[in-house]
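Visitor: Let me begin by handing over the structure; questions about it come next.
The values are calculated or read from the model by the stated rules, or taken from the named source; none is laboratory data. Fair warning: this is a prediction, and the values are worked out from it, not measured in the lab. Ideal geometry is used to build each Cβ from the backbone, glycine not excepted, and the neighbour counts take in all protein chains shown.
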Amino acid sequence: MSSRREFLKTGGALVIGFSLRDELLGQQRGTAPGPDLRQIDTWIAIHSDNTATVHIGFCELGQGASTALPQIAAEELDLDMSQVKTVGLDTNVTPNQGGTFSSASVARGGPQIRTAAAEARLALLQLASKRLDSPVDRLTVSKGIVSVRGIPNRSVTYGDLVGGNLFNVPFTGSAPVKPATEYKLVGTPVARRDMPAKVSGKHVYMQHVRVPGMMHARVVRPRGQGAYRDGAKVLNIDESSIRSIAGVRLVRRGDFIGIVAENEWDAVRAAQQLKVTWNLKPTLPGNDRLYDQMRAAETQDRVVLEKGDVAGAIGKAAHMVSLTGRGPYQAHALFGPSCAIADVKTDSALIACTTSDVYSTRTNLARLLEIPVEKVQVQYYEGAGTYGHSCYEDAAQAAAILSQAVGKPVRLQFMRWDEHGWDNYGPAHVGEVRAAADSDGRIVAYEYNGWQHNWAVVETSAQLAFGTQAAERDGGAAQQVSPLNLGSMYDVPNLKLVNHRVPGLGYLKGGWLRSPLDLSFSFASEQAIDELAYRVGMDPYAFRQRNIKDPRWLGVLDAVAKAANWTTRRAASNLSKAKVVTGRGIGVGTHLASYGAAVAEIEVDKETGRIRAKHMYGAIDAGLAVNPGNIENQISGQLVQTVSRMLKEEVTFNKTNVTSLDWNSYPILRFEECPEITPIVVQRLNERSTGAGEEVMAGAAAAIANAFFDATGVRMQEYPFTPSRVLAALKKNGG
């Protein structure tokens, strides 16, 4: 483990030294808010062996940031990738670049790394100019070796120039960066740096970390959360129920209950065996009343975008469609339940955990523990794959509460029912769309109304331990009806988007799940667009081509259609009486940036109601693709996850609590069900880099829904497309 975390203060490195080795105990406790972002030494370190360390503030979540960001730095510094390394994400060491969400690592972090590296390169060239007695404009650099153009044997390395000193250069952001035409590394599919260790099983995940003297812990909660505002109230604890298990300690703070033991199995047994009586309030709507209750709620309404006269245009149009789409709560469903290790002292704390934002986690932990923020240090370890706000913050807080209570390092890991039952779920959504077209197949009006609640602010551990009142986040583009993802990709003269914010405290905890709300948006919206094409009598792809002017939307649409060998025909024109029927569908959509399009090829068994996605095609235009191989990987992951969410995933709950607590009650796509995947990267070297981690899922969700219509002639209004829903829809429509 030491090889991952040891780094030396050598040759230009700004290093706050620490070594994890086998422990967290010898830590250098946090003594400052974090590295100074205004200094180049915070970002770039040049070593005497002519290598560089790049300090990045983004988490590696599987998106490839630990390769792409050093790739950007190496490009600007004129170094090989073999000469560039990074260090572990740590609030005492790495810069605060904000959270790793909304596909931000390259989009937001790339420009910072690029300008820091350019500034470092300029400083190095100025040093070389003096050393080589040559003007900067006559110097060339290759692999960190600075030479005088046209004069052989006059060179110096970056390592020789720095000579063990810091840059001591402010980060002004004014140094010129390379034009895209000069890129040698950026834009190429450099191999992922994290893959060898992961494939070989040597990668250290958070769940693998152990420290000397630590205790093992589990939380005790009801099996499945109830309404967010209610938390979980303890009526009675029978401590005698765990007396047979020696050496375990029950920790209670308010309604927070944890078990701590030296042996992990003892902690597991005691947490399962402890008899607790909970006050479970029947205040949830349950799955059967969810959408009706949301639709009928008194909401905070806001017109997100309006132009023209939608009602008037619809009234005059040759063709009008209306469609309602309903999307469920869905879980992050980590393969390995969330885990954290906390070592809390009287005046300081060190937390090792998985998070999407180490600095935000540090702030929340400092508040929770009542320890000054500069005395709290958070170190990041990658956990089981998750995109969004799952239970990792809750686990870190639980570990910290328990460590503070017992005065020792505590390793806390959730059980499967904790992870599934107490997640911050992607919120449910109801969308109603009306769209109209003229007789020439031009969309003349579009209207979308969307209902959903916002995301939770307070973690369950804080809510139970300290009685912190449940609260929701305000605003945020990803929490509401999205102009970018609804109608605006089409050339529509009359358009209206309305967001209906449902009061969320009486529902399940909400949080950002990969491509938040976008699957629900496009599920309704793109089916309506597809239905317009059907009413007009046009091919779905040709209809979209006719109504899109933006060349970047057209670029992904054309790219995915070409990859899929799309042939022109009206949807649902090849309906069959066969038991198993096939269909293909197309859709466009994105998240908050970039451009995405997808094609789905599926088969439907009309007797069993089972759907199989045979082949998924996805195209993303994310501007400058720093590492096209990374984006291909991201597209592949997005398409597989979208198939899973559209066909299988749904959080189930009754009036008191969540009931989908394992892989049987919350099924996901299995390996044998995985479709063939074709990812397409639309490269735009002269555009800024934007998101690529969740930008094809919306189009893919729509493509699956439209493929179902093509196969059956039936429109689905609710996902996931479970066998029972499919059979009911086919029966209702005579399919």
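Visitor: Could you check region 75-91 and list, in sequence order, the residues that are in a helix (DSSP H, G or I) and more than 21 Å from residue 626 (Cα to Cα)?
Guide: Listed by number, the list is empty, since nothing qualifies.
Visitor: Continuing with the same structure: Quick check, is residue 567 of a type in the set (Ser, Thr, Tyr) and part of a strand (DSSP E or B)?
Guide: In short, no.
Visitor: Okay, next question. Which of the helices (runs of 4 or more DSSP H) found entirely inside region 453-550 contain at least 2 residues meeting this: touching a Pro at 6+ places or on another chain (Cβ under 7 Å)?
Guide: Values: elements: 460-466, 518-536, 540-547.
In region 453-550, the matching helices (runs of 4 or more DSSP H) lie at 518-536.
Visitor: Give me the pairs: first residue in region 72-95 and at positive phi and hydroxyl-bearing (Ser, Thr, Tyr), second residue surrounded by fewer than 23 Cβ atoms within 10 Å (Cβ to Cβ) and in a helix (DSSP H, G or I), beta-carbon distance under 7 Å, and six or more apart or on different chains, which are they?
Guide: Hits for this filter: zero, empty list.
Visitor: Going through 597, 571 one at a time, which residue ends up being over 31 Å from the mean Cα position of the chain (by Cα) and buried (at least 23 other Cβ atoms within 10 Å of the Cβ)?
Guide: None of the other options fit; the residue is 571.
Visitor: Here is a list: 201, 224, 247, 187. Which entry is modelled with pLDDT of 95 or more and either surrounded by fewer than 13 Cβ atoms within 10 Å (Cβ to Cβ) or within 30 Å of residue 504 (Cα to Cα) (or both)?
Guide: 224
Visitor: From the set of residues in region 686-735 that are in a loop (DSSP other than H, G, I, E, B) and among the charged types (D, E, K, R), which is surrounded by the fewest Cβ atoms within 10 Å (Cβ to Cβ)?
Guide: Among them, the one singled out is 688.
Visitor: If I ask for residues that are within 29 Å of the chain's Cα centre (by Cα) and assigned to a strand (DSSP E or B), which ones from region 281-309 would you list?
Guide: Matches in region 281-309: 300, 301, 302, 303, 304, 305.
Visitor: Can you work out which of the residues in region 266-280 that are under 32 Å from the mean Cα position of the chain (by Cα) and small (Gly, Ala, Ser) is farthest from residue 654 (Cα to Cα)?
Guide: In this case the residue turns out to be 267.
Visitor: Now a separate question. Given (1) over 22 Å from residue 45 (Cβ atoms); (2) in contact (Cβ under 8 Å) with a residue 60 or more places away in the chain; (3) β-branched (Val, Ile, Thr), where does residue 145 come up short, assuming only one miss?
Guide: (1)
Visitor: Evaluate region 299-317: report whether one residue or more is charged (D, E, K, R) and farther than 30 Å from residue 702 by Cβ.
Guide: Checking region 299-317: not a single residue is charged (D, E, K, R) and farther than 30 Å from residue 702 by Cβ.
Visitor: Restricting to region 626-679, give me the number of residues that are part of a loop (DSSP other than H, G, I, E, B) and either buried (at least 20 other Cβ atoms within 10 Å of the Cβ) or not charged (D, E, K, R) (or both). Talk me through it step by step, then tell me what you get.
Guide: Quick first cut of region 626-679, residues part of a loop (DSSP other than H, G, I, E, B) only: 626-627, 648-652, 654-657, 659-670, 674-675.
If we keep only those that are either buried (at least 20 other Cβ atoms within 10 Å of the Cβ) or not charged (D, E, K, R) (or both) as well, we get 626-627, 649-652, 654, 656-657, 659-661, 663-669, 674-675.
Total satisfying the criteria: 21.
Visitor: Kindly establish whether residue 63 is of a type in the set (S, T, N, Q), part of a helix (DSSP H, G or I) and at pLDDT 85 or above.
Guide: It is false that residue 63 is of a type in the set (S, T, N, Q), part of a helix (DSSP H, G or I) and at pLDDT 85 or above.
Visitor: Same structure, new question: Out of all the residues in region 347-359, is one or more touching a residue at least 60 places away in the same chain (Cβ under 8 Å), in a helix (DSSP H, G or I) and out of contact with any Gly (no Cβ under 6 Å at 6 or more places or on another chain)?
Guide: Yes, region 347-359 has at least one match.
Visitor: Which numbered condition in (1) surrounded by 17 or more Cβ atoms within 10 Å (Cβ to Cβ); (2) in contact (Cβ under 8 Å) with a residue 60 or more places away in the chain is the only one that residue 550 fails?
Guide: Going through the list (1) surrounded by 17 or more Cβ atoms within 10 Å (Cβ to Cβ); (2) in contact (Cβ under 8 Å) with a residue 60 or more places away in the chain, residue 550 breaks only (1).
Visitor: Acidic (Asp, Glu) and out of contact with any strand residue (DSSP E or B) (no Cβ under 6 Å at 6 or more places or on another chain), is that true of residue 672?
Guide: So residue 672 passes the test.
Visitor: What number of residues within region 274-313 are surrounded by 16 or more Cβ atoms within 10 Å (Cβ to Cβ), touching a residue at least 60 places away in the same chain (Cβ under 8 Å), farther than 21 Å from residue 430 by Cβ and not basic (Lys, Arg)?
Guide: The total comes to 2.
Visitor: Only residues that are of a type in the set (A, V, I, L, M), surrounded by fewer than 24 Cβ atoms within 10 Å (Cβ to Cβ) and in a helix (DSSP H, G or I): list them for region 371-414, please. Break it down stepwise before answering.
Guide: Of all residues in region 371-414, those of a type in the set (A, V, I, L, M) come to 371, 373, 376, 378, 384, 395-396, 398-402, 405-406, 410, 412.
Within this subset, residues satisfying the condition of being surrounded by fewer than 24 Cβ atoms within 10 Å (Cβ to Cβ) are 371, 373, 384, 405-406.
Of everything in region 371-414, those that are of a type in the set (A, V, I, L, M), surrounded by fewer than 24 Cβ atoms within 10 Å (Cβ to Cβ) and in a helix (DSSP H, G or I) turn out to be 373, 405, 406.
Visitor: Quick one: residue 348 ticks every box in (1) surrounded by fewer than 24 Cβ atoms within 10 Å (Cβ to Cβ); (2) hydroxyl-bearing (Ser, Thr, Tyr); (3) under 25 Å from the mean Cα position of the chain (by Cα) except a single one, so which number is it?
Guide: (3)
Visitor: Continuing with this model, one more query. What are the pairs, 6+ residues apart or on separate chains, where a residue within region 634-662 that is assigned by TED's automatic domain parsing to the domain that holds residue 694 and under 15 Å from residue 721 (Cβ atoms) has its Cβ under 6 Å from a residue that is assigned to a helix (DSSP H, G or I) and among the hydrophobic types (A, V, I, L, M, F, W, C)?
Guide: Partner pairs satisfying both residue conditions: 642/697; 642/700; 642/701; 646/701; 646/704.
Visitor: Just name the residue that is surrounded by the most Cβ atoms within 10 Å (Cβ to Cβ) out of those in region 86-122 that are over 29 Å from residue 375 (Cβ atoms) and out of contact with any helix residue (DSSP H, G or I) (no Cβ under 7 Å at 6 or more places or on another chain).
Guide: 103
Visitor: Looking at region 472-487, I want the residues that are within 20 Å of residue 104 (Cβ to Cβ) and have a partner that is hydroxyl-bearing (Ser, Thr, Tyr) and not in a loop (DSSP other than H, G, I, E, B) with Cβ atoms under 8 Å, at least 6 apart or on another chain. Which pairs are those?
Guide: Qualifying pairs under 8 Å: 485/522; 485/525.
Visitor: I would also like to ask the following. Applying the selection to region 258-273, what residues are in contact with a helix residue (DSSP H, G or I) (Cβ under 7 Å, 6 or more places away or on another chain) and surrounded by 17 or more Cβ atoms within 10 Å (Cβ to Cβ)?
Guide: 258, 259, 260, 261, 270
Visitor: Next question, about the same structure. Which one of these does residue 682 not meet: (1) more than 30 Å from residue 182 (Cβ to Cβ); (2) out of contact with any His (no Cβ under 7 Å at 6 or more places or on another chain)?
Guide: (1)
Visitor: Next question. Does any residue of region 170-183 turn out to be closer than 15 Å to residue 47 by Cβ and in contact with a Gly (Cβ under 9 Å, 6 or more places away or on another chain)?
Guide: No, region 170-183 contains no residue that is closer than 15 Å to residue 47 by Cβ and in contact with a Gly (Cβ under 9 Å, 6 or more places away or on another chain).
Visitor: What's the total number of residues in region 489-509 that are within 14 Å of residue 430 (Cβ to Cβ) and not β-branched (Val, Ile, Thr)?
Guide: 5
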